[in-house]
1. Scan chain B and note any complete DSSP helix (H) whose C-alpha atoms cover at least 30 Å along its axis and whose Kyte-Doolittle average is -1.0 or more.
2. If we count every other residue with Cβ under 11 angstrom of B:Asp181's Cβ, Lys/Arg +1 and Asp/Glu -1, where does the sum land?
3. Does the stretch A:48-160 come out rounded, prolate or oblate by the C-alpha gyration tensor, with a ≥ b ≥ c the root eigenvalues, rounded set by a/c under 1.5 and, if not, prolate when a/b is larger than b/c and oblate if not?
4. By its C-alpha gyration tensor, with a ≥ b ≥ c as the square roots of the eigenvalues, how is the stretch A:417-485 shaped: rounded for a/c under 1.5, else prolate for a/b larger than b/c, else oblate?
5. Give the long-range amide H neighbours of A:Leu317: residues separated by 5 or more places, or on another chain, with amide H under 5 Å away, using H modelled in the peptide plane at 1.01 Å from N.
6. Counting only residues 5 or more places away or on other chains, whose amide H sits under 5 Å from the amide H of A:Arg646 once H atoms are built in the peptide plane?
7. Might you report the magnitude of the Cβ-based charge dipole of the stretch A:742-829 about its Cα centre, with Lys and Arg at +1 and Asp and Glu at -1, to the nearest 20 debye?
8. What's the FRET efficiency of A:Asp284 with A:His122 using the Cβ-Cβ distance as r and R₀ = 56 Å, to the nearest 0.05?
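Any read-out appearing in this document is the output of simple, stated calculations on the displayed coordinates, not a laboratory observation. Only a predicted model underlies this, so the values are computations on that prediction, with no experimental measurement involved. Here the Cβ positions follow ideal geometry from the backbone for every residue, glycine too, while neighbour counts run over all protein chains shown.
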Amino acid sequence: MKAPLSWIREHVDLPADVTLDALTWRLTMLGLKLEGVASPADDITGPLVLGRVLTREPEPQKNGKTISWCTVDVGEANGTGDPQGIVCGAHNFVEGDLVVVCLPGAVLPGGFAISARKTYGHVSAGMICSASELGLPDDAFGGADGIIVLPADAGAPGDDAFPVLGLGDAVIELEINPDRAYALSVRGIAREAALGFGAPYADPAARRVPAPNDAGHPVVVDDPAGCPVFVARTVTGFRADAPTPDWMARRLTQAGMRPISLGVDITNYVMLELGQPLHGYDRDKLTGAIRVRRATAGEQITTLDGQRRTLDVEDLLITDGSGPIGIAGTMGGETTELSGTTTNVVIESAHFDAVTVFRSGRRHKLPSEASKRFERGVDPELPQAAADRAVELMVELGGATDDAGVTVVGQAPQRRVVTIPADLPARISGLEIDAATVTAHLTAVGCDVTADGERLAVVAPSWRPDVTDPYDLVEEVVRVVGYDQVPSVLPTTPPGHGWTPVQRLRRRVGLTLAGAGWTETISYPFVGEDDWDRLGLPADDPRRTTLRMANPLNNEEPILTTTLLPGLLKALARNVGRANADVALFEHSLVCRPTGNERAPILGVETRPSAEEWATIEKAVPSQPMHLAVAVTGQRARAGWWGAGREGGWADAIGAVRDVARALGVEVEVRADAVAPWHPGRCAAVRIGERVIGHAGELHPSVCRAYGVPARTAVAEVDLDALLEQAQQVVPGPTFSSYPVAKEDVALVVDAAVPAAAVEAALREGAGELLESIRLFDVYTGPQVGEGRKSLAYALRFRAPDRTLTEAETAAAREAAVAVAAERTGAVQRA
Amino acid sequence: MSGPNSEYDPVEVTSLKSEEVTAMRDAALAAIAGARDLEHLKQVRLDHVGDRSPLALANREIGALPPQARKDAGQRIGQARGRVSQALAERQAVLEVEHEERMLVEETVDVTLPTDRRPVGARHPITSFSERIADVFVAMGWDVAEGPWVEAEWLNFDALNMGADHPARTMQDTFWLEPADAALVLRTHTSPVQARTMLTREPPIHVICPGRVFRTDEIDATHSPVFHQVEGLVVDRGITMAHLKGTLDHMTQALFGEGISTRFRPSYFPFTEPSAEMDMVCFVCRGSGRVDEALCRTCRGEGWIELGGCGVVNPRVLIACGIDPEVYSGFAFGFGIDRMLMFRHGVADLRDVFEGDVRFAQPFGVEI
C-alpha cells in the first residue's frame, strides 16, 4: 500500500517534530513494514514555480525541428517581475496555459543544473518542465506528450510549484500483511500512526449517513452469507466528463493507481481513503433491480477488462434483469460500466464474504484492488459511510445531485467477543505487562474491553476481522508495548539425543567421498519424459513410475525424478562445457518412488488426527528414499612431473560405492549385470546379501551422447537408506597377530568369463583361517595363457595368531586354496 | 709362502723384519689416507687388510719363526695391523660423512614442484552449513528432525492454520502434484516437519529441521524453485517470546560472531501468533551501514540483515497436532539457509548453488 504523507496527516495530527524516518520506523514496529519511500523533491532544488505562457512563437529550425520562443509570466519569482524568455521544444501548450517553470539556479533530478544559456538564437532563461524531467511518472498531469499543463485554477504565476505538484510530499510504501487488511487504506495507516505517537486521530469513516429508505435503487440479496451488507446510493446529473481534480489525480497516482475518469476515480479514491471497495453502475444501463446471487452453471460475463468469462456456480454475482453485471468484490461487467455519457450513477458499497471473493479471484485469475481487500477482510460496518463519501465527492466534483433514495440490505455481523486471562500477554511474551496496561493497549487499538475478575472480555473493532483468538490479542498488546522490549532469555532444554545415527552416518558418507576426491552437487529434482529416453530406460522400468507436478515451472520437466542420474549428468556436462575435463561428482538426495495410488486426505484441524487418519496420511505420502549417486569423467589421478595420470572409469564408480560401504562397515557384493543406463558389459549390480541396492559402472555410449558427456563417463547410483540400514553402528576392536607373516604368490589361469571375485572367494575359502589377506595384483591376458583365458596373480599372506608358521603349513594352506579355486572356477596354476 | 718352521733353526723371515712390517704398515696407512671415497677405501681395505694383504700374509709367517722369536714378531704385526684397522675405521667414518654430505647435495630436488597428484573433493556448502547451523542447536540439547519433500497438503498447510481459503497460501507459490485429488505438494517450507514432530512425540519438544523446500519461483540471482530452510520448534510449559529471542540471539552469535544482536518486527504467519520478522545486526559493518567510508555491501547500508520469520506457535497449530495449548506453549522460527550462506560468504548468485560447477563447492572443503 502506497500513500502520500500529506493524505495520512489529514487524518492524524502528528506532532510537528515527527520525522519521516521516525514515522515509518514506528509504523514498521507496529506491523506495517516500510517497503520504501519515494520523495521526488529530494532531487530537486528550487526555484521551481508556476508560470503563465504570455507569448509562444513557433520557429522552424534547419534540422527540421520546430522550437517555440516563449515569454512566460513568473510573477516576482525571477526578482524582476518581467516576463521570462524561454525556448521550449514541446508543442502541447498554447498561450495562456499555466505551466511549471524551472528558473536558472535550479537543479533537477540527475544533478541537471539549469542556467540561462544561448540556444537557437535566444537566451533561454530557464526551462518549461515535463513530468519526467521532475522525476514524476511520465503521464502525471497529462504530461505524456510534452510539458506539464496545469488546470487554470491550480495557482498563480510565481507560486511555488512544489505543493502544486505534490513534490516534497513523500509517498510511503508499506507492506501490509494479510492480517492487517485495514491498513490497505489511509484510514488504517493514519490510525496506526496515531497509535504509534499517541496523536489525535480523525476517523474519515465517522460520518453521519442518511437513514435507509425504500426510495433507492432496488436491491435483492439472495445470498446473505456471501453478501451480508449491500448499500446502494444514487446520484443524478453527474458530469462524467468533468475532469478529475488535480489533487485527486495526484493522490491516485501516488498510491499507484491510474486516474481514468471522474466516476471511477472517485470510487477508487474512496477505496484508498477508507478501505471499502466501491463499484459504480450507469443507472440508465441497469435493467431493473440489482440482485446478488450465485452463478448458474455455464453463465457468462464480460468483465471490465474485456474478457469473456464462464462462471462457476460458486461465483457470487451482481446481476440485473439482463443477467450478470459483475463478479462480487472482484470485477464489474462491461455492460453497465460508467462511461463519459453517464449521468445517473448507482454506487455499490457492499460487504462480501472473504472466502467467496478469494475463490473467484483465484478461479478467474483476477487479482484486483477490490478483491485484495475483500479476501483479507474489510470492515463490514463501512459500506454506508463509504457510499456516502462517494456521493459527497460526486456532488462536489461532478455536479451531481444526491438522490434521496438510500438502499441498505442486510447488516454488519455482530462484533465478536474474545475473552482472555488478563495475564496472557505477559505469559506469552515474557514481558511484564499488568492488566491495566493490557486494557489500555487493547483500547488504544480500538477494542472495547470489559474486565471480569482475572479475565478480560474484549470486543474487537469492526475493522479487525482478523482478531478472533486470544493470541491475536496478545500480539496486539505486545506490538503496542513494542517487540523491541521483549527480553532475551534462553529456555531450559532437557538433554537431547544429538544427531541420529543415520544423520551421523550420512555425514560420514559425504566426508568419505569428499576425502576421496569427489565433489558434492545439489540438483533440481525435476526431469522430463525425455530423460527416461535419454537414459534408455525400458518401457516397464520402475523408474518410469513417477509423480508429476500439476504446475511445473518448465513444461519440459514436469516429473519428480526417481533417479539422481539426470541431474548429475547435466551437472557433469556443465562442468565439461566450462572446460573442466576432470570431474568427479556425487550427490545424495531424496528421489520419489510413488506407487501411483497416493491420495492424501484433508483432515480436520479441530483435534489431533486419529491413529487411522494419521496412517492414511503416512500411506499417501510416496516413498522417498535417499539415493547416493556419483559420476566421473576425465582423470582420476593427475598426470604431472611424477608421471602419467589415470583416466577415471567404471572401476572408480564401483570403487566409490565400495569406499562408502567400507566407511559404513557394510559388506557389499559386486556382480556383473546389464541394466540401463549402463554399458551392458561394464555394469555392476551392488548387493547386500541377496538385495540389489544399486548399480555402478560405465555409461552406455548412447547415454553419453544423449547427455553430451564424454565417452566412458562412469556413474553409480545406490539406495543410500538401504546402505545406512545395514551400517555397523559399533566397530568391533580388531585383534591381530605379531608372529611373522608368510607370503605366497599364486598365478591362476581361468576362463576369461570367470569373475575375479569368484576366484578370490574360492581362494579365501580354501586358504582357511591362516589366510590374513589376499590381493589381486595382476591380471594378464595374452598368448602365454591362450585365447579366451586370463591369468590372475594373487598375493596371499598367511599368519597364525599363536605361532610362527612352518613352511609346510604355509604350503599346505596355499595348496588348499588353489585346490578350491581349481574345483570352483576351473583355475589352473600358471607354470 | 714358506712352509711351517717346525724344526728350530733361526731362520730369518724377511717379511717379519721390523723394517718390513713398518714399511707394510706405512704403505697401508698411506693408501688409507689416500683413499678418495668409500669405493676406493674398499679396495684399500682389500689390498692392505684383506686376507691377501701383505700384513695378513706376513702374519701367517709368524709360525715359521722359532718360538722365542714369535712373540716379538706377533707383537709387531699385531701393532701394525691394529694401527691400520684404526686408520681404516677413521677414514671410513670420514668418508661416510663426506659421502652423505655429497649425496645430500646431489639429491636436492625442486621442492616447489606441484604436489597436487590427487584430485580434491568437497562437500556442498549447503550441506555443511546446514549441519553447522544444526550443530549449534544440538549443542543446546535439541534433536535434528527431518521430513519428506513430497508432503501431504494437510501437513504443509491445514495443520499449520492455513486452510484452503487462507490468503497466505497464495504467498507461497506451491508446486501441486497430480492428480488434483492427491492433495500432495512439494513442501513449501520445512514447517510440516514441525507438525510431524508434534504428532509423533510428546512435549517437551526441541527440534531443529534443516531441509530442502520448493516454490514456483523462476530462477534468478536471488530466487530458485528449490532452496533450503532451517526451522526450529520448541514446545514446553511456559515457553515465551523471550525464549525465542534468547535462542535466536544465541544462534546468530554462534554463526556470525559475538555481540551480534537481533531485533523483532511484527509480522504475520498463520502458524505463529504473535509473529515477528527477525533482523540481525550486520556482522560486517556491525550496524553502521558503512565499511571504509563506503556503503556496506553485505547489508546494503541498512546496518541490519533480515533473517526470517518467527513467533509463538499459534494454539490452533498445537490443537491440530494434539497438544493442549492450555498446558503448553511454543515458539518456532524459519530461516533461509541459502540466503544466510550467500550473505555470510558473499556468494553473489544463487544459481551457483544449484548448477553443480565444482568450482563453487570446492573452496568450502568439507566443513564451514
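1. Sorted by number, the helices that extend far enough and score high enough are B:67-106.
2. Taking every other residue near B:Asp181 into account, the sum is -2.
3. rounded
4. oblate
5. Close amide H contacts, sequence-distant or interchain: A:Arg293, A:Arg294, A:Ala295, A:Ala328.
6. Sorted by chain and number, the residues that satisfy this are A:Arg636, A:Ala637, A:Arg638, A:Ala639.
7. That gives a dipole near 180 debye.
8. 0.55
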